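Single-structure report; data block below.
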Amino acid sequence: MAKVVFLDKLDRNRARGPAASLVSLTAARVERVALIGTIPPRRCGIATFTSDSRDALLQAQPDLTVDIYALDDGTAAANAEGAAHVIPQNSAGAYQSAARQINNSGANIAWLQHEFGIFGGPDGEMVIDLIEHLEVPLVVTLHTILENPSPNQRRITEAIIRHAEVLIVMAEKARELLKGRYGVSDKQIKVIPHGIPDRAYLAPEQAKPEFDLAGRDVILTFGLLSPDKGIGDMIEALPAIVRDCPTAIYLVLGATHPHIIAHEGEALRERLQARASQLGVSDHVRFVDSFVDLDLLTRYLQAADVYVTPYHNPNQITSGTLAYAIGLGKPVVATRYVHAQEVLSDGTGILVPFRDPAGLARAISDLLRDDGRRERMAMRAYRLGRSMVWERYGKTVMANFAALTAEVPVELIKHQISNPVAGTAALRRLTDGTGMFQHSRFGVADRNHGYCIDDNARALALVAIADDLVEPLRSDLAMVYAAFVQHAWNAQLGVFRNFMHFDRHWLEDGGSDDSNGRTLWALSLAATRRRGSPIGAWANELYRESSFRLQSLHSLRAVAFSVLASVEMLRGGLATLVSAEILKQGAAALLRGVEAHSRPDWNWFEPVLAYDNCRLSEALISAGSALGDEGMRRVGLDTLDWIMQRQISETGQFRPIGSESFGNAYAPPKQFDQQPLEALAAIEACIAAQNVDPDTKWTDWGEKAYAWFVGENDLWVAVADQESGECFDGLTPQGRNGNCGAESVLAWQMSTRRILDLRATVTAQDKNYSGLEPVNLLFWGVGASEA
């Protein structure tokens, strides 16, 4: 079952009416966010994070208003960077005042950055005065979660949990802590990795001259200097590193933490420098006593050969410095704190024990002496970093904000998912005595665009499988769509025509490869699923005639549909030699596509993404199953896994490949426009996968694709309506496309039937999974019965 957005707390504060038509539901647009935290010129990691988060939100939605509510501990200027309101940290009355200002500002969301040390009172308990008086939905990013809190720290954490709609954490370990130690529901927690700047990869040698580091092996640590950073351990490790790598130099980049300065001045830095002198490695250590801006920090990171985080705290759940290093492609050596264990678990870096200078020395020396390993590790880190850039972070956070303000009743969404149904009004509206119209404008059929075989073939496929359609409606519709397909067949040229004007004259003598392949597929479904009826007999005969003439389709999607048609005929006992040949040739063509265009980060049939993507994988899975070819089937499953991972958003909803992505070679998919056709293709491909592979991810992904229609999508708006059977033409950055054309309506209609087939597949498998049997090759073309 697809997961449903967490709205329980909001629902308690909202008056919900009875279930309404899903078409009328909309998501309230997030227009203003109150962002609460520290901000530059205050020097701390939370300040940098807050500033970067604001920029990420604005990048995700440029017309958004972000009001900064900045905590001031007296060390920063009162006019904090871009702050709408300054909260004196130790002023008890200031917190309620800030809450009132947020409530009156028109903010849709309050987003709090929580760290115990940035709020007033013991353990920062004054933050409770703020959150208890907020009247807008509260999202909290927890930068620290204590495994063994004091009673007061636990009281504060529990108050935050109680008042927050969503808790954002940056590591799975944090989720486990919240669930295990604090009893937080999983649906209240969102894991969103720390954002990082998106910078081009630069080889260290190119960046070193700026800092007079040419020819040196550069080891870097950056961040505010404090005792728990483990810099002393690295100083102790340096003599061994220098013996192995005489050109090594350790850069310690960052000012001393303001709280340390307040208590002891620069005594910590001076002790570290004195120890380096005692060990004889002063020439191999450079302290850069500066709080650098992002641009300069980036250039320093680019100059580093190895980045090291020798922290002492094993429970450190988040490290912005580690995230930045990964994002710029740095091989990392780190102690085994929580964040490092999660990020570096796949060979992106090396983990060493805490307070172990000898272990640090071995790991760093080994990397500096092995150029190949270091470069491979750098590339893995850089690729991982692309999933963490601030742009993606901002979109993910905004998606969570949109979910919180969604005006979609959760119980209605659950009901729609659990009870798939699509009324017939939309089918009746789009169908006349000739066929199904292509387009509509706001629900009114647009006769100017006439008809096409693509949509009439899809409609024929629908009525072939829709056993729930009542008679005589089902037969009446089938006869209309069949007559259109029959009239489209150009026997002289051996192809189907595609486009017909409203006055019933054809606009071409032959349609595209894709339209011909799709028509073969529709005929196969009509022949097998309506076997024994006049429509079944007609479809079988026309399939045999047209497939004989259409054995040389070239478009991969046409090939995929013709393969699916062949498998359908073979499994339906209507085999022909032509079907067998189409299957073998088509499957080979699909395999060649994968072999020709796959790269380490691109496991796909083509160098570009287009429409109906999942059909390619579905066809290869089905072909491999029918032929008993495990290698072919595995390639189909692997490519489907690859494309589906790119169609699941950061917050877990289905996100169809946006049409803006089409034609961009080896480029990641773009978010919009999202079209219903892709959701149907995903559902049907997941059925093919679940039929041959017991992994439940296929069912989960298919359910997510179905849930996209009823509101679980990036905009949290319903795309389809169960009562009428209508479906909008997709999602754009501005909202739904208000038109309801044939392709979209048919995708929704088919999806409501096919999701039941997916669920039935899982039920039938139960615990005794066996998969589909190959077809019997001995009977190809032999004894094929007529419909």
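The values are calculated or read from the model by the stated rules, or taken from the named source; none is laboratory data. Treat the numbers as computed from the prediction; the structure is a model and nothing was measured. Every residue, glycine among them, receives a Cβ derived from its backbone with ideal geometry; neighbour counts consider all protein chains shown. Ligands, DNA and RNA are excluded from the accessible area calculation, which covers all protein heavy atoms including side chains. Shrake-Rupley method; radii C 1.70, N 1.55, O 1.52, S 1.80 Å.
Here are some notes:
- Subset of the stretch 481-502 that is assigned to a loop (DSSP other than H, G, I, E, B) and either in contact with a strand residue (DSSP E or B) (Cβ under 6 Å, 6 or more places away or on another chain) or hydrophobic (A, V, I, L, M, F, W, C) (or both) - its residue that is surrounded by the fewest Cβ atoms within 10 Å (Cβ to Cβ): ALA491
- The one condition from (1) at pLDDT below 95; (2) assigned to a helix (DSSP H, G or I); (3) not aliphatic (A, V, I, L, M) that GLN749 does not meet is (1).
- Remark: pairs (first residue in the stretch 370-385, farther than 13 Å from GLY327 by Cβ; second residue surrounded by 15 or more Cβ atoms within 10 Å (Cβ to Cβ) and of a type in the set (A, V, I, L, M, F, W, C); Cβ separation under 6 Å; 6+ apart in sequence or on different chains) = ARG374/LEU367.
- If you go through the stretch 352-393 and keep only what is more than 19 Å from ALA237 (Cβ to Cβ) and of a type in the set (Ser, Thr, Tyr), you end up with TYR382, SER387, TYR393.
- Residue that is nearest to VAL719 (Cα to Cα) [pool: residues in the stretch 652-684 that are of a type in the set (Asp, Glu) and open to solvent by 20 Å² or more (accessible area, probe 1.4 Å)]: ASP673
- Single residue of the stretch 145-165 satisfying the filter (among the acidic types (Asp, Glu) and touching a residue at least 60 places away in the same chain (Cβ under 8 Å)) that is farthest from ILE118 (Cα to Cα): GLU165
- Number of the condition not met by LYS330 [criteria: (1) modelled with pLDDT under 90; (2) part of a loop (DSSP other than H, G, I, E, B); (3) farther than 16 Å from ASP228 by Cβ]: (1)
- Every test in (1) open to solvent by 40 Å² or more (accessible area, probe 1.4 Å); (2) under 33 Å from the mean Cα position of the chain (by Cα); (3) within 29 Å of ARG736 (Cβ to Cβ) is passed by GLN438 save one, and that test is (1).
- Some residue of the stretch 289-310 being closer than 24 Å to LEU213 by Cα, of a type outside the set (Val, Ile, Thr), assigned to a strand (DSSP E or B) and in contact with a strand residue (DSSP E or B) (Cβ under 7 Å, 6 or more places away or on another chain): yes
- Here the condition is being touching a strand residue (DSSP E or B) at 6+ places or on another chain (Cβ under 9 Å), open to solvent by 50 Å² or more (accessible area, probe 1.4 Å), modelled with pLDDT under 95 and not aromatic (Phe, Trp, Tyr); of GLY45, GLY74, it holds for GLY74 alone.
- From the list TRP538, TRP506, the one residue that fits, being open to solvent by 30 Å² or more (accessible area, probe 1.4 Å), aromatic (Phe, Trp, Tyr), touching a Lys or Arg at 6+ places or on another chain (Cβ under 8 Å) and under 27 Å from LEU430 (Cβ atoms), is TRP506.
- Residues that are assigned to a helix (DSSP H, G or I) and either open to solvent by 30 Å² or more (accessible area, probe 1.4 Å) or farther than 16 Å from ALA688 by Cα (or both) within the stretch 559-582 comprise VAL559, GLU568, ARG571, LEU577, VAL578, SER579, ALA580, GLU581, ILE582, listed in sequence order.
- Some residue of the stretch 611-618 being open to solvent by 20 Å² or more (accessible area, probe 1.4 Å), within 18 Å of ARG458 (Cβ to Cβ) and not in a helix (DSSP H, G or I): yes
- Taken as a whole, the structure places PRO209 among residues that are farther than 28 Å from ILE46 by Cβ, outside any loop (DSSP other than H, G, I, E, B) and modelled with pLDDT of 95 or more.
- Residues that are closer than 21 Å to VAL421 by Cβ and in contact with a Lys or Arg (Cβ under 7 Å, 6 or more places away or on another chain) within the stretch 714-742 comprise VAL717, VAL719, PHE728, listed in sequence order.
- In the stretch 364-387, the residues that are surrounded by fewer than 22 Cβ atoms within 10 Å (Cβ to Cβ) and under 28 Å from PRO62 (Cα atoms): TYR382, ARG383, LEU384, ARG386, SER387
- Residue match in the stretch 268-288 (condition: touching a residue at least 60 places away in the same chain (Cβ under 8 Å) and open to solvent by 20 Å² or more (accessible area, probe 1.4 Å)): no
- Test: residue in the stretch 132-144 that is without any contact (Cβ under 8 Å) to a residue 24 or more places away in the chain, open to solvent by 30 Å² or more (accessible area, probe 1.4 Å) and not in a helix (DSSP H, G or I): no
- Of all residues in the stretch 333-346 being assigned to a helix (DSSP H, G or I) and open to solvent by 20 Å² or more (accessible area, probe 1.4 Å), the one that is farthest from MET388 (Cα to Cα): GLN341
- Scanning the stretch 182-201 for residues that are touching a Gly at 6+ places or on another chain (Cβ under 6 Å) and open to solvent by less than 50 Å² (accessible area, probe 1.4 Å) yields HIS194, ILE196.
- Selected residue [part of a helix (DSSP H, G or I) and over 38 Å from the mean Cα position of the chain (by Cα)] from ALA464, ALA457, ALA478: ALA478
- Among (1) open to solvent by 70 Å² or more (accessible area, probe 1.4 Å); (2) touching a Leu at 6+ places or on another chain (Cβ under 7 Å); (3) at positive phi, the one test that ASP212 misses: (2)
- Restricting the stretch 77-106 to residues that are open to solvent by less than 40 Å² (accessible area, probe 1.4 Å) and under 12 Å from PRO40 (Cα atoms), the residue that is modelled with the highest pLDDT is ALA83.
- Test: residue in the stretch 166-179 that is in a loop (DSSP other than H, G, I, E, B), touching an Asp or Glu at 6+ places or on another chain (Cβ under 8 Å) and in contact (Cβ under 8 Å) with a residue 40 or more places away in the chain: yes
- Considering (1) open to solvent by 10 Å² or more (accessible area, probe 1.4 Å); (2) over 22 Å from THR651 (Cβ atoms); (3) of a type outside the set (Lys, Arg), the lone condition that GLN734 does not fulfil carries the number (2).
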